[in-house]
Amino acid sequence: MSVKDNYESIKAEIEAACQKVGRDPSEIKVIAVTKYVSIDRAKEALASGVSHIGENRLEGFLEKYEAIGDQPNWHFIGTLQSRKVKDLIDYVDAIHSMDRKSLAKEINKRAKKPVDCFVQVNTSGEESKHGLAPEEVTSFVKLLANYPNVRVHGLMTMAPYTDDEKAIRLCFQKLRRLQQEVQSHNFSHAPCDHLSMGMSNDYPIAIEEGATHIRIGSSLVGNEVK
Ligand SMILES: *Cc1c(COP(=O)(O)O)cnc(C)c1O
């Protein structure tokens with residue numbers, strides 16, 4: 001399937017999910033996760049109308065960025081080692097994996113202006129998943145006030161990979177509730193008005209539960225290994 005055809009059917013699914021819960025599809029940003037695919041395939045996504053690209057490794061990010069330039073919005077969605085922040089920070093529009101003080105400190109030091117960050121939360125409790133435990137989130141967000149170049153744009157999570165729709169939905173609902181908790185504090189550094197949740201397997205559910213950023217790899221650009 002061409003990326004264009006995939007994108008058309010994803011847009012139809014987004015509309016259907018929005019309709020179900022009375023949301024406006026224009027609130028949903030589709031991030032094409034290009035970690036499995038070539039530069040050409042990423043370009044095909046942009047030509048199809050996608051305007052957000054996501055990569056989970058520094059090397060992949062820089063390779064795509066160098067070839068494509070700063071036209072799209074660039075999202076870093078993987079675990080970020082502090083020592084790699086300096087190589088990434090001038091090119092990235094949003095970091096979806098804010099999960100520790102040392103990372104905040106390094107971003108604060110290296111960034112020339114505030115960077116939109118999503119605090120990553122482990123809503124499923126699975127050991128393989130990264131992110132803060134839900135009960136740690138509010139105090140961590142509070143602590144981030146010490147790092148003016150870190151702006152808490154929202155929260156991010158990954159649901160378990162399962163066809164148990166209920167288990168998936170519970171994770172997304174948990175993230176939404178945490179967002180409300182954070183927002184109730186009115187922290188000026190943490191408007192936290194976005195939710196990065198939903199992947200190929202579960203994005204319609206994520207949208208029903210309030211996602212603003214969905215991260216889609218396999219079902220949009222494919223997952224053939226380069
Ligand atoms: C790979 C990846 C995705 C996209 O996964 P698909 O199931 O291929 O859509 C989304 N988010 C993160 C953090 C990823 O690493």
Where in the stretch 129-226 are the helices (runs of 4 or more DSSP H), entirely inside, with at least 3 residues that are surrounded by fewer than 22 Cβ atoms within 10 Å (Cβ to Cβ) and more than 15 Å from the ligand (Cβ to nearest atom)? 137-143, 165-183
Among the residues in the stretch 90-101, are any of a type in the set (Lys, Arg) and closer than 15 Å to LEU62 by Cβ? no
Output the number of the condition that SER124 fails; it satisfies all remaining conditions of (1) within 21 Å of ALA94 (Cβ to Cβ); (2) within 16 Å of the ligand (Cβ to nearest atom). (1)
Pairing a residue in the stretch 175-202 that is at pLDDT 95 or above with any residue that is of a type in the set (Phe, Trp, Tyr), where Cβ atoms lie under 6 Å and the two sit 6 or more apart in sequence or on different chains, gives SER196/PHE118; MET197/PHE172
Residues in the stretch 113-128 that are in a loop (DSSP other than H, G, I, E, B) and of a type in the set (Val, Ile, Thr): how many? 1
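Yes/no matrix, rows are residues, columns are (1) in contact with a Phe, Trp or Tyr (Cβ under 8 Å, 6 or more places away or on another chain); (2) of a type in the set (A, V, I, L, M):
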{"site": "ASP90", "(1), (2)": "no, no"}
{"site": "ALA94", "(1), (2)": "yes, yes"}
{"site": "ASP99", "(1), (2)": "no, no"}
{"site": "LEU103", "(1), (2)": "no, yes"}
{"site": "GLU106", "(1), (2)": "no, no"}
{"site": "CYS117", "(1), (2)": "no, no"}
{"site": "VAL121", "(1), (2)": "no, yes"}
{"site": "GLU127", "(1), (2)": "no, no"}
{"site": "GLY131", "(1), (2)": "no, no"}
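The values are calculated or read from the model by the stated rules, or taken from the named source; none is laboratory data. Only a predicted model underlies this, so the values are computations on that prediction, with no experimental measurement involved. Counting neighbours? That spans all protein chains shown, and the Cβs are built from the backbone with ideal geometry, glycine included.
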